[in-house]
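The values are calculated or read from the model by the stated rules, or taken from the named source; none is laboratory data. These numbers were taken from a predicted model, which means no experiment stands behind them. Glycine gets a Cβ as well: all are built from the backbone with ideal geometry, and neighbour counts include every protein chain shown.
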Amino acid sequence: MVSIYQNPDHVAGLVQQLFNAPLITESIQENVGDTTNSINVEGGVSIATQANVKVPLLGNAGLKGDVSGAGSTGQIVATGTRSTQSFVYSQAYYLNIVRKELQARSLLKRVDSIDDAEHLQSGDFVEYQATFAPSELTTIMDVMTPDLVGQITRWLHVKKETALFEGYDSIELVKRAAVTMNERAEVNAGLARDVVKALQADFRQDKTREYYGNIVSGDRSLTAITICDNAHFVVDDEDRILDGVFTVLGKVTSSPEENVPVLQRNKLLRNLSPDGVDTVINQVTGMIQGQTSTTVGGLKIDNLLDLKLASRVAGTSIRVVPIAIFV
């Protein structure tokens, strides 16, 4: 199990609640052993000798010798061993414990189809496998940064105003008009930058990201709107979730809903009518696609950019706050 996203606070909290015990992050085990070896040696020596020797002045004499002795030696050897092991309990270990315990207590609901999601309620633990797609509006906000929008706005204004210079005969009039044009262009660019910054704040781009998990069963599909905190991605690339099929362990925050507006989680933009958003999006899409024709090798290609922006999440969907995303 390799995680690309994991909320350590959620995992730690679940472990403590499930087992009603504090979270152990590290433990030390020490083994001590003593060994004693003793060696004792006991023994005696006895030597008796008798010999006839010729002693001057005395003639032959008999000599008897007797050597005897007893002794004891001992040796004690003591050795000691000590080993220390340190164990660190990682988030991967605790995630595995949480999943198994939730399954053992029948608290984890597997979602593989719309039927599985029919009776889900806010607060239910779920696990599902899906392929993911980003929110189209969020993707545009990633690309259309405030500085880029400001530069585009400035360029469009300058391009429009420059055409008016063609009727000027005096260089002084051209310079004066150029100064006025640049001032207006900078004002418009600054306003555009501020508007985009306000939109990004309403979309909460810096804190969270919204991904659409597609769970397919037969000819019916369920969308799991997975709301991730940017800070809890284990990898540096938040869009790694788009690179394959991943499993999500999370908690449901809403019962199944139909055709949910994509701006529902926004504080200000949620007040816009979805029908009105549809109208604006259709107009913008038509304008963009109308300008994306090109000619390659004498062959004209229309609608080079197929831009699809939806105001609603089509079909049935649930909202999930993930605890972990892994493969």
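Give the residues of the stretch 139-193 that are under 30 Å from Q205 (Cα atoms), modelled with pLDDT of 80 or more and acidic (D, E), sorted by residue number.
D147, E186
Being under 30 Å from V245 (Cα atoms) and at pLDDT below 85, is that true of even one residue in the stretch 221-233?
First pass over the stretch 221-233, keeping only residues under 30 Å from V245 (Cα atoms): 221-233.
After this cut, where a residue has to be at pLDDT below 85 as well, the list is none.
No, the stretch 221-233 contains no residue that is under 30 Å from V245 (Cα atoms) and at pLDDT below 85.
Given the conditions (1) modelled with pLDDT under 75; (2) surrounded by 10 or more Cβ atoms within 10 Å (Cβ to Cβ), and given that G43 satisfies all but one, which numbered condition is not satisfied?
Result: G43 passes all but (2).
Scanning the stretch 252-267 for residues that are farther than 22 Å from D206 by Cα and either touching a residue at least 60 places away in the same chain (Cβ under 8 Å) or of a type in the set (S, T, Y) (or both), which turns out surrounded by the most Cβ atoms within 10 Å (Cβ to Cβ)? Can you show your working first?
Step one: list which residues in the stretch 252-267 are farther than 22 Å from D206 by Cα, which gives 252, 254-260.
Of the ones still in play, those that are also either touching a residue at least 60 places away in the same chain (Cβ under 8 Å) or of a type in the set (S, T, Y) (or both) are 252, 254-257.
Values: V252: 21, S254: 15, S255: 14, P256: 19, E257: 16.
The qualifying residue surrounded by the most Cβ atoms within 10 Å (Cβ to Cβ) is V252.
Kindly indicate whether V149 is surrounded by 14 or more Cβ atoms within 10 Å (Cβ to Cβ), among the β-branched types (V, I, T) and either more than 19 Å from the chain's Cα centre (by Cα) or outside any strand (DSSP E or B) (or both). Talk me through it step by step, then tell me what you get.
Details: surrounded by 14 or more Cβ atoms within 10 Å (Cβ to Cβ): yes; among the β-branched types (V, I, T): yes; either more than 19 Å from the chain's Cα centre (by Cα) or outside any strand (DSSP E or B) (or both): yes.
Yes; evaluated as a whole, the condition is true for this residue.
Residues checked against (1) in contact with a helix residue (DSSP H, G or I) (Cβ under 8 Å, 6 or more places away or on another chain); (2) of a type in the set (G, A, S):
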{"position": "Q205", "(1), (2)": "yes, no"}
{"position": "D219", "(1), (2)": "no, no"}
{"position": "L222", "(1), (2)": "yes, no"}
{"position": "G244", "(1), (2)": "no, yes"}
{"position": "P256", "(1), (2)": "yes, no"}
{"position": "P261", "(1), (2)": "yes, no"}
{"position": "L268", "(1), (2)": "yes, no"}
{"position": "P274", "(1), (2)": "no, no"}
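Kindly indicate the residue of the stretch 81-99 that is surrounded by fewer than 10 Cβ atoms within 10 Å (Cβ to Cβ) and in contact (Cβ under 8 Å) with a residue 60 or more places away in the chain and also nearest to E26 (Cα to Cα) among those meeting that condition.
Ranking the candidates gives V88 first.
Using the structure shown, decide if R204 is within 30 Å of L120 (Cα to Cα) and either buried (at least 19 other Cβ atoms within 10 Å of the Cβ) or under 36 Å from the mean Cα position of the chain (by Cα) (or both).
Details: within 30 Å of L120 (Cα to Cα): yes; either buried (at least 19 other Cβ atoms within 10 Å of the Cβ) or under 36 Å from the mean Cα position of the chain (by Cα) (or both): yes.
So R204 passes the test.
Output yes when any residue across the stretch 99-114 is at pLDDT 90 or above, in a strand (DSSP E or B) and farther than 17 Å from F326 by Cβ, and no when none is. Don't jump to the end; show me each part of the working.
In the first step, residues of the stretch 99-114 are kept if they are at pLDDT 90 or above; the result is 99-114.
Okay, now just the ones that are also in a strand (DSSP E or B), so 108-110.
Of the ones still in play, those that are also farther than 17 Å from F326 by Cβ are 109.
For the stretch 99-114, residues at pLDDT 90 or above, in a strand (DSSP E or B) and farther than 17 Å from F326 by Cβ: present.
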